[in-house]
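Trainee: Before I ask anything, here is the structure I am working with.
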Amino acid sequence: MARDRFTPDFDPDGGDADLTAARHDIVIGRWQGLRELLRSTGSDWPLRGHRVRLLAQACAGSSALESWLAAEPYSGDALVLRAATETARAFDMAIAAGRGVPIDQERVDGTVLACLRASEACPADPTPWISLISVARLYPQGLRRRELGRWWDELHRRDPYSMEGHLQILHYYSSRWHGTHGLMYDFARDAAGVAPPGCALPVLVQYARVEEFRYALDAARGRHSSVALGQHWDHDGAVSDVRRTWQRWIRERPDVPVTPVELRDLNHLAHAACHAGAPDIAGELLRLLGDRFTRTPWSYTGDPVKEITRWRGQLRL
């Protein structure tokens with residue numbers, strides 16, 4: 001009998017049904033679902049960060065958040081979401097302006113103030129500090145090292161193993177923003193080195209490899225140049241990095257279903273394992289993912305549906 005045709009599920013919420021319901025509320029202009037979702041999330045910081053990030057993307061083009069703030073102007077959850085939403089809106093402006101074109105300085109400063117107000121309203125919450133570190137990229141010359149270090153210390157004190165926080169610093173240190181490939185990789189490897197067993201931080205090295213690849217594509221003006229492709233994914237160092245992340249994270253990870261929070265990270269490691277020519281690791285990761293995928297990073301190396309289907313076929317899954 002013919003095998004059923006495989007179709008990857010690119011649910012933007014990663015299977016988080018409560019988040020999906022709240023995002024539907026945004027579409028219809030109802031803010032109460034946002035309040036209930038963030039209230040029920042409590043101090044599960046990784047889950048809260050995941051939900052706030054995706055809610056902010058939805059709120060950026062809506063007035064639902066403003067309706068919530070009009071009804072409850074001192075709500076800490078609303079202020080945290082406002083900080084993330086203003087950050088998302090600022091990045092939308094930067095994308096519309098085009099790479100290298102600075103956006104209005106007052107808009108960036110206003111977003112920073114929104115983040116600081118959220119941090120005062122929810123002093124234990126690391127989420128506003130993640131938003132702050134993210135918006136730091138939008139300063140044309142970056143931030144003074146002391147100021148960025150202070151923001152990082154505040155985040156680290158609240159959530160020392162924040163994957164999203166580390167990822168925002170990694171982007172800041174990348175060559176596409178305010179650093180270099182070397183600085184970015186050094187940060188990723190240092191974070192991986194101090195991560196406890198079973199922590200996802202070692203996959204930062206795979207995020208860094210994707211960042212370097214994107215930079216090469218930008219330099220080639222979108223063409224898949226030999227410099228960009230070459231041995232970028234499968235040289236000895238890249239293969240060793242994949243195996244190291246597998247050992248430190250996945251081999252020590254509890255044998256439980258994939259959560260929405262870790263779905264994006266697992267996709268980055270699975271993508272790296274496929275392209276590194278590590279079929280043993282790639283096969284295990286693709287089985288773990290089942291049909292749940294994120295479009296990135298697969299979309300950077302081709303059509304994501306075709307990419308994932310091709311690798312599953314090669315691994316006979």
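Trainee: Accessible area per residue of the chain at 1.4 Å probe, in Å²?
Mentor: 48
Trainee: Give me the Å³ per residue figure for the convex hull around the C-alpha atoms of segment 222-317. Kindly include the intermediate steps, with their values, before the conclusion.
Mentor: Values: hull volume 9.4 nm³, N = 96.
Spelled out: Cα convex hull of segment 222-317, divided by residues, is 98 Å³.
Trainee: Also: Can you classify segment 76-161 as rounded, prolate or oblate using the Cα gyration tensor, where a ≥ b ≥ c are the square roots of its eigenvalues, rounded means a/c under 1.5, and otherwise it's prolate if a/b beats b/c and oblate if not?
Mentor: On the way: a/c = 2.27, a/b = 1.44, b/c = 1.58.
Note, shape of segment 76-161 comes out oblate.
Trainee: On alpha-carbon atoms, Rg over Rh for segment 74-125 using Kirkwood Rh?
Mentor: Result for segment 74-125 is an Rg/Rh of 1.07.
Trainee: For the chain, set up a GNM with springs between Cα atoms under 10 Å and report which of R157, R35, R23 has the largest fluctuation.
Mentor: In the Gaussian network model the winner is R157.
Trainee: Let me ask you something else. Roughly how many nanometres apart are two label points built 7 Å out from the Cα toward the Cβ at E106 and R5?
Mentor: That separation, rounded to one decimal, is 5.4 nm.
Trainee: To the nearest 500 deg cm²/dmol, what mean residue ellipticity at 222 nm is calculated for the chain from DSSP H runs of n ≥ 4 alone, each contributing -39,500 (n - 2.57), summed and divided by the residues?
Mentor: Only helices count here, giving -19000 deg cm²/dmol.
Trainee: Where does the chain land on Rg(C-alpha)/(2.2 N^0.38 Å)?
Mentor: 1.01
Trainee: Heads up, I need the accessible area for F91: 1.4 angstrom probe, whole protein in place, Å², nearest 10.
Mentor: Accessible surface of F91 is approximately 40 Å².
Trainee: For Q314 paired with R144, estimate the spin-label separation in nm (one decimal), with each label point 7 Å from Cα along the Cα-to-Cβ line.
Mentor: 5.0
Trainee: Something else about it: With all protein chains present, how much of the accessible area of the chain (probe radius 1.4 Å) comes from carbon and sulfur, to the nearest whole percent?
Mentor: Carbon and sulfur atoms account for 51 percent of the accessible area of the chain.
Trainee: Taking a probe of 1.4 angstrom, what is the accessible area of R310 in Å², to the nearest 10?
Mentor: 100
Trainee: Rolling a 1.4 angstrom probe over the protein chains, ignoring ligands and nucleic acids, what is the accessible area of E72 in square angstrom, nearest 10?
Mentor: Roughly 50 Å² of E72 is accessible to a 1.4 Å probe.
Trainee: Along each principal axis of its Cα atoms, how long is segment 125-229 end to end? Whole angstroms, biggest number first, please.
Mentor: Its Cα atoms span 43, 35, 19 Å along the three principal axes.
Trainee: While we're on this one: Report the Rg/Rh value for segment 1-160, based on alpha-carbon coordinates and the Kirkwood definition of Rh.
Mentor: With Rh from the inverse mean 1/r over Cα pairs, Rg/Rh is 1.03.
Trainee: So what is the diffusion coefficient of segment 11-60 in µm² per second by Stokes-Einstein at 4 °C and 1.567 mPa s, using a Kirkwood Rh over Cα pairs?
Mentor: Values: Rh = 10.7 Å.
Calculated translational D: 121 µm²/s.
The values are calculated or read from the model by the stated rules, or taken from the named source; none is laboratory data. The structure presented is a predicted model; accordingly, all values stated were derived computationally and were not measured. Ideal geometry is used to build each Cβ from the backbone, glycine not excepted, and the neighbour counts take in all protein chains shown. To get the accessible areas, we keep the full protein, side chains included, count just its heavy atoms, and leave off ligands, DNA and RNA. Shrake-Rupley method; radii C 1.70, N 1.55, O 1.52, S 1.80 Å.
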